[in-house]
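Asker: Have a look at the structure that comes next, please.
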Amino acid sequence: MKLPFAERAGLHVASANVPSPNFSHSDAIAGLWSLCRESALTLLQLKGRSLLPVVQGGMGVGVSAGGLAGAVARLGGVGTISSVDLRRLHPDLMQQTGHLLKEPYAAERINAANIEALKREIRRARALSEGQGVLAVNVMKALSQYEAYVRCALEEGVDAIVVGAGLPLDLPELAKDHPHTALIPILSDARGIQLLVRKWEKKGRLPDAIVIEHPRLAGGHLGAAKVADLQDPRFDFENVIPQAREFFRFAGIEGQVPLIAAGGISCLEDIQRLQALGAAGVQVGTAFAVTQECDAAPEFKRVLAQAGPQDVVEFISVAGLPARAVRTPWLEKYIRIESKLKAVAHVKKQCTMAFDCLAHCGLRDGVSSMGQFCIDQQLGHAYTGETDKGLFFRGAGKLPFGSRIASVQELMVWLLGSITLAALTPECIT
């Protein structure tokens, strides 16, 4: 029986969802480190800090905000705030901006509200983390306010900036006055890794880590040109990780850039397999999205947790990237009429939500090869649990605890120690 390990990790034997009153927070962290040693896992080294090898992925709108990120960091992992439209978490900011549509100053006020919301969520996460772990902010390169969000996060003193949905070739310049902040791009293949590292080297900075996100397995926006490319073997971890490590050796930077594998990770065996390939850690998204501490509505978590493989579908987002989500009533209808919407695509006078969340939007810009819906609006419906109208991004794999909503602590114990308590039968992807 492995229950003694669970006890060392601070879980109460009678209920895996609540920390035992007999154990302090430091006991829980020590227990998780102990589980790593017992499981022969190596710790993630980031900017001179030793961390649990688990990164919580950034998920918007509002899914991974200060509550979830703070809970993950508090246990010694990497907690990540998604920067997109965080005003939705703050009633006062929504009261000030939620009604703005056609006013000439709408975009300016909404963007200012989102910057204020990002500051609040960073501070909330920092308070919850109690100085443990690492706090990161995820900023999509495709956002119109990408630079503003990056600068805000840097000024607030976050530990790391994570950037996906595009090549962040300008990130070293944006962060030149913040040498102690870890810069972490999200890429999907060895060619992209080589290109970015070479460009950054010329600017005098290396990535502090690189997230390798597998388009066939991850949720949300995916790092491929089109849906048909999602199955390309060049994205397989068995190919990308060794190729990236060989490039690092050739470039003379071996051991300087940790690789973090993302997509389809749900159990200890996955982490052990990926570390054996050469990954330093893993990034997990959907499994954290269905935890008790996730900032989204209970209905949001239920939709993700109850979705089976047959319920998950790929399509092209308004950002022009392939995406993966649950086939809800809204998405089912959208896919059915997508070709008709694309046939009448045209440039709009203004953004549906008035603040141009994306730098390039298929709906606003009338690009028929891109999606034709308002992504901020649909993700906002998902965040509040409107199951008939929301867009619910989800990874392709099964979840560790099936449809049950567990705690962050219990998820970490399972991932690092393959430990579950009585009556729990988690499924694992192999």
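Coordinate-derived values only; no laboratory data. Note that the coordinates shown come from a computational prediction; the quantities given were computed from them, not determined experimentally. Positions of Cβ are generated from backbone atoms using ideal geometry, with glycine treated the same way; all protein chains shown enter the neighbour counts.
Asker: Under 16 Å between alpha carbons, and skipping anything fewer than 8 positions from K176 in its own chain: which aspartates and glutamates qualify?
Answerer: Once the sequence-local aspartates and glutamates are set aside, what remains near K176 is E147, E155, E156, D159, E201, D208.
Asker: Given labels modelled 7 Å from the Cα in the Cβ direction, how far is it in nm from R404 to H180?
Answerer: Inter-label distance under the simple model: 4.2 nm.
Asker: Give me the Kirkwood hydrodynamic radius of segment 221-367 in Å, from all C-alpha pairs, to one decimal place? Each step should come with its number before you reach the end.
Answerer: Details: mean 1/r = 0.0542 Å⁻¹.
Evaluated on segment 221-367, it is 18.5 Å.
Asker: Under 27 Å from the Cα of K342, which lysines turn up, not counting those fewer than eight places away in the same chain?
Answerer: Once the sequence-local lysines are set aside, what remains near K342 is K102, K141, K226, K333, K389.
Asker: Please compute one quarter of the surface area of the Cα convex hull for the chain and express it in square nanometres.
Answerer: Values: hull surface 78.3 nm².
About 19.6 nm², averaged over all directions.
Asker: To continue, here is another question. Can you give the helix-only mean residue ellipticity at 222 nm for the chain, where every DSSP H stretch with n ≥ 4 adds -39500 (n - 2.57) and the sum goes over all residues, rounded to the nearest 500 deg cm²/dmol?
Answerer: Values: 16 runs with 163 residues, N = 430.
It lands at -11000 deg cm²/dmol.
Asker: Distance between Cα centroids, segment 110-171 to segment 202-264: provide it in whole Å.
Answerer: Using only Cα atoms to place each centre, the spacing works out to 22 Å.
Asker: Enumerate by residue number the trypsin sites (Lys or Arg not before Pro) in segment 45-148 meeting two conditions: DSSP loop (anything except H, G, I, E, B), and at most 16 other Cβ atoms within 10 Å of the site's Cβ. Spell out each step's value before the answer.
Answerer: Values: sites: K47, R49, R74, R87, R88, K102, R109, K119, R120, R123, R124, R126, K141; in loops: K47, K102, K141.
Hits after loop and neighbour filter: K47, K102.
Asker: Still on this model: I need the trypsin sites (Lys or Arg not before Pro) found in segment 217-299, filtered to DSSP loop residues with at most 14 other beta carbons within 10 Å of theirs.
Answerer: Working: sites: K226, R234, R245, R249, R273; in loops: K226.
Loop-located and lightly packed - K226.
Asker: Could you work out the relative contact order of the chain, using alpha carbon pairs under 8 angstrom and six or more residues apart, expressed as a whole percent?
Answerer: Values: 934 pairs, mean separation 78.6, N = 430.
Relative CO of the chain lands at 18 percent.
Asker: Just the number: Rg to Rh for segment 309-383, Cα atoms, Kirkwood Rh, two decimals.
Answerer: Details: Rg = 12.0 Å, Rh = 12.7 Å.
Using only Cα positions, Rg/Rh for segment 309-383 is 0.95.
Asker: Related question: S26 label point, 7 Å along Cα→Cβ, cut-off 16 Å on backbone N: hits in segment 125-147?
Answerer: Label zone hits: 130-133.
Asker: For Q306 paired with H360, estimate the spin-label separation in nm (one decimal), with each label point 7 Å from Cα along the Cα-to-Cβ line.
Answerer: It works out to 3.8 nm between the two label points.
Asker: Also, I was wondering about something else. So which trypsin sites (Lys or Arg not before Pro) in segment 314-394 pass both tests, a DSSP loop state and at most 12 other Cβ atoms within 10 Å of the Cβ?
Answerer: In loop regions of segment 314-394 (DSSP not H, G, I, E or B), the sparsely surrounded trypsin sites (Lys or Arg not before Pro) are K348, K349.
Asker: What's the magnitude of the charge dipole for the chain around its Cα centre, counting Lys and Arg as +1 and Asp and Glu as -1 at the beta-carbon? Answer in Debye, nearest 20. Present the calculation step by step, with values, prior to reporting the outcome.
Answerer: Values: 45 positive and 43 negative charges, 104 e Å.
Rounded to the nearest 20 debye, it is 500 debye.
Asker: Cut-off 16 Å, label point 7 angstrom out along Cα-to-Cβ of I253: give me the residues of segment 188-221 whose amide nitrogen falls inside.
Answerer: 188-212
Asker: Give the range of the longest stretch in the chain that excludes all GluC sites (Glu not before Pro) found in loop regions by DSSP and having at most 13 other beta-carbon atoms within 10 Å.
Answerer: On the way: sites that count: E130, E254, E427.
Answer - 255-426.
Asker: Expressed in nm to one decimal, what extension gain is obtained for the pair L101 and D232 from 0.36 nm per residue of sequence separation less their Cα-Cα distance?
Answerer: On the way: separation 131, 0.36 × 131 = 47.16 nm, distance 4.17 nm.
Length gained, L101 through D232: 43.0 nm.
Asker: Aspartates and glutamates near K349 by alpha-carbon distance under 18 Å, same-chain residues fewer than 8 away left out - which ones?
Answerer: Reachable aspartates and glutamates: E103, E108, D365, D376.
Asker: Given a Förster radius of 25 Å and the C-beta distance between V313 and R191 as r, what FRET efficiency does 1/(1 + (r/R0)^6) yield to the nearest 0.05? It would help to have the intermediate numbers written out before the result.
Answerer: Numbers: r = 28 Å, r/R0 = 1.10.
E(calc), rounded to 0.05, equals 0.35.
Asker: Here's another thing I want to ask about it. For N239 and E108, what is the calculated FRET efficiency with R₀ set at 60 Å and r taken between the beta-carbons, to the nearest 0.05?
Answerer: Values: r = 46 Å, r/R0 = 0.76.
FRET efficiency, N239 to E108: 0.85.
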